[in-house]
Amino acid sequence: MAHAGENIKLVLAKPFHPCEGLDRAKDLILVTAGLRLVPYDRDYLDRSWEWLSDPQTRALTLTPAFRREDQQAFFERLPGRTDYLIWGVEHDGRPVGAAGLKQVAAPKAEYWGYLGDKSLWGRKLGPVLLALVEEQARERGLTDLFLRVARDNERAIRLYLRTGWADAGDDGEVLHMTKTLAP
């Protein structure tokens, strides 16, 4: 079983497409493509400030404007929270994003994640990031995930649909999606 912080290297006997079969536990293959989840520390906090200060990233992630003091207070409250899990996302040893589960109330949680390093956008790492966080959800006994995505974030919507998420309606500019995780 993969754990946050582990980097898995596989040699496959046949071609593998990371978008196929990730919703069936017996077929789950975590090909990290250099991605791994690591503890979210002050370095990730500072990088998140930079990444989410970018207007495009902030809009695509539905992140409201916030002050540095708000972010610091959020970070200081994390150790006492059981409803919010957060990881830094590392690619080949360098910080590139953040991901997690919020509103955790078994068996449900809300998935969120982003690659703040725009040089990695479009490199097919989204399915890997989803698989890593979904595995963390499974390990915690969570079976039902949901997410919110900006209706104009077409790349993310395509990713979610390809990886087994279902459209659960919208409230104007925000699309809601759900996924039931196989054990």
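All of the numbers you see were taken from the coordinates with simple rules; none came from a lab. Since the model is a prediction, treat every value here as computed from it, not as a measurement. Please note: Cβ atoms are built from the backbone with ideal geometry, for glycine as well, and neighbour counts cover all protein chains shown.
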Estimated distance in nm for a label pair at Phe146 and Glu76, the labels positioned 7 Å out from Cα along Cα-to-Cβ: 3.2
Cut-off 18 Å, label 7 Å out along Cα→Cβ of Asp43, residues of segment 62-106 by amide N: 86-99
Restricting segment 89-130 to trypsin sites (Lys or Arg not before Pro) in coil, as DSSP defines it, with at most 16 other Cβ within 10 Å: Arg123, Lys124
Lys102-His176 pseudo-label distance in nm [points 7 Å out on the Cα-to-Cβ vector]: 1.6
Within-10-Å neighbourhood charge of Val96 [Cβ basis; K, R +1; D, E -1]: 0
